[in-house]
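Structure first, commentary second.
The values are calculated or read from the model by the stated rules, or taken from the named source; none is laboratory data. Given the structure is predicted, the values throughout are model-derived calculations rather than measurements. All Cβ positions, even for glycine, are placed from backbone atoms using ideal geometry, and neighbour counts span all protein chains on display. For the accessible areas, the whole protein counts, side chains as well, though only heavy atoms, and no ligand, DNA or RNA atoms are used. Shrake-Rupley method; radii C 1.70, N 1.55, O 1.52, S 1.80 Å.
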Amino acid sequence: MAHLFDPLSIKGVELRNRIVFAPVVTNFGLRNNQAIQYFVERVRGGVGLIIIHGTPVDLLLRAGWAQGLRPLVMAIHDRGAKAVLQLWHGNELNGQAVAPSVRESYRQITREEIRTVVEKFATAARHCQEAGFDGVEVHGAHGYFIHQFFSPLTNQRSDEYGGNAEKRMLLGMELVVAMREAVGEKFLLLYRHSAVDGIPGGTPIEESARFAQALENHWLDVIDVSAGMGRTDELSIPPASAPEGTHAELAAKIKAKVTIPVIAVGKVQTRAGAEKILQEGQADLVALGRQLLADPYWPEKMQEGREDEVVSCTYCNFCTQEMHAGRPIACLQNPNLGQEK
Ligand SMILES: Cc1cc2nc3c(=O)[nH]c(=O)nc-3n(C[C@H](O)[C@H](O)[C@H](O)COP(=O)(O)O)c2cc1C
């Protein structure tokens, strides 16, 4: 069984350890020095892989926009980590509010428009590849547009994209296939999926495991297992009362059905907690979000046996509050957050 500081090679992309910086919206942009210093600090602290937060696919389609991320990618690579960008799509298309099925003020997206969305992901992935990233991750979780297709709570379509579980899986598979065709074999494709919705009538874990299998069969490289339907949801961003490694059992149920690497996320905080997930074979990688905001040097301190020096996240969710208010994230444990330079 793997240990936290064992390297992992995924199709020739060498990760120096099993520690991933989970995608975390910062509200301070990406193409500036502040963002570069913020990420570099976490690379210096020792993470193996950075998944940059959900970024609207439309931004990546703007001429030259992705190329502006090159300095960031280079800064991450120069210090020994790998970089993946998370691709996000909301419920807006051409200025209109759309959803898999009609609800509130959203109209149902047409099949032709779904095709456009798929093409956008493929082009965005290629632009990320051209900017030097090691891969991209589909944000298929947390109740956003892509997840809305998978969940029976938000998808009541009667065409090939809705109905039974297999049909609700179609969009995710089309995304991965189209991106793979656009980027070729070498570039990493990750998919973040909410393994359960956490709402009665939502996705059962068995369907998620089948989905992960289907994605693997369509050339996905890594499945990143989160949970929950909404940004403020107790599963997507677990509260202080949640147990450590709170979604690891969901990751394990998915890992049992696939051979590609699996990421577990959700309140991973101690070395023992992280090692347990790996040693019990629940996942191949562990992602930390808030703990790496509080202390970017968590990996180094763990590796050097300086656990007592870690600045612990209290999971107070001040960062989440600031994010929702549209302000740059901040951390009550770490006044340097966002001021790294
Ligand atoms: C401020 C904030 C922003 C987040 N932004 C994203 C995001 O862009 N994409 C995503 O998939 N998850 C996002 N998440 C969820 C995290 O990636 C992670 O799954 C969650 O915080 C649980 O991990 P943790 O307990 O280690 O923080 C965000 C979480 C926080 C606290």
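Go through the stretch 75-126 residue by residue and tally those that are in contact with a Phe, Trp or Tyr (Cβ under 9 Å, 6 or more places away or on another chain) and aromatic (Phe, Trp, Tyr).
1
What's the total number of residues in the stretch 88-111 that are within 16 Å of the ligand (Cβ to nearest atom), in a strand (DSSP E or B) and surrounded by fewer than 16 Cβ atoms within 10 Å (Cβ to Cβ)?
Result for the stretch 88-111: 0.
Listed residues Arg31, Arg62; which is away from the ligand (no atom under 15 Å from the Cβ), basic (Lys, Arg) and without any contact (Cβ under 8 Å) to a residue 24 or more places away in the chain?
Arg62
State which residue pairs qualify: first residue of a type in the set (Asp, Glu) and inside the stretch 133-149, second residue outside any loop (DSSP other than H, G, I, E, B) and open to solvent by 10 Å² or more (accessible area, probe 1.4 Å) in any location, beta carbons under 6 Å apart, and separation of 6 or more residues or different chains.
Hits for this filter: Asp134/Val13; Asp134/Lys82; Glu137/Arg192.
Within the stretch 301-341, how many residues turn out to be away from the ligand (no atom under 13 Å from the Cβ) and within 16 Å of Val265 (Cα to Cα)?
0
Within the stretch 163-252, which helices (runs of 4 or more DSSP H) (wholly inside it) include 1 or more residues that are more than 16 Å from the ligand (Cβ to nearest atom), open to solvent by less than 30 Å² (accessible area, probe 1.4 Å) and touching a residue at least 60 places away in the same chain (Cβ under 8 Å)?
170-183, 205-217
Every residue in the stretch 71-112 that is within 23 Å of Val176 (Cβ to Cβ) and either of a type in the set (D, E, K, R) or without any contact (Cβ under 8 Å) to a residue 12 or more places away in the chain (or both), please.
Matches in the stretch 71-112: Lys82, Glu92, Thr110, Arg111, Glu112.
Within the bounds of the stretch 124-143, is there any residue that is over 30 Å from Gly80 (Cβ atoms) and open to solvent by 20 Å² or more (accessible area, probe 1.4 Å)?
No: the stretch 124-143 contains no residue that is over 30 Å from Gly80 (Cβ atoms) and open to solvent by 20 Å² or more (accessible area, probe 1.4 Å).
Taking the stretch 15-57, which residues are among the small types (Gly, Ala, Ser) and in contact with a helix residue (DSSP H, G or I) (Cβ under 9 Å, 6 or more places away or on another chain)?
Passing the criteria: Ala22, Gly29, Ala35, Gly45, Gly46, Gly48.
When you scan the stretch 266-300, how many residues do you find that are open to solvent by 20 Å² or more (accessible area, probe 1.4 Å), away from the ligand (no atom under 11 Å from the Cβ) and more than 16 Å from His3 (Cβ to Cβ)?
Within the stretch 266-300, residues that are open to solvent by 20 Å² or more (accessible area, probe 1.4 Å), away from the ligand (no atom under 11 Å from the Cβ) and more than 16 Å from His3 (Cβ to Cβ) number 1.
All but one of (1) open to solvent by 40 Å² or more (accessible area, probe 1.4 Å); (2) within 27 Å of Lys267 (Cβ to Cβ); (3) away from the ligand (no atom under 16 Å from the Cβ) hold for Val25, so report the exception by its number.
Condition not satisfied by Val25: (3).
If I ask for residues that are in contact (Cβ under 8 Å) with a residue 40 or more places away in the chain, farther than 14 Å from Arg192 by Cβ and assigned to a loop (DSSP other than H, G, I, E, B), which ones from the stretch 253-279 would you list?
Hits for the stretch 253-279 are Ala256, Lys257, Val258, Thr259, Lys267, Gln269.
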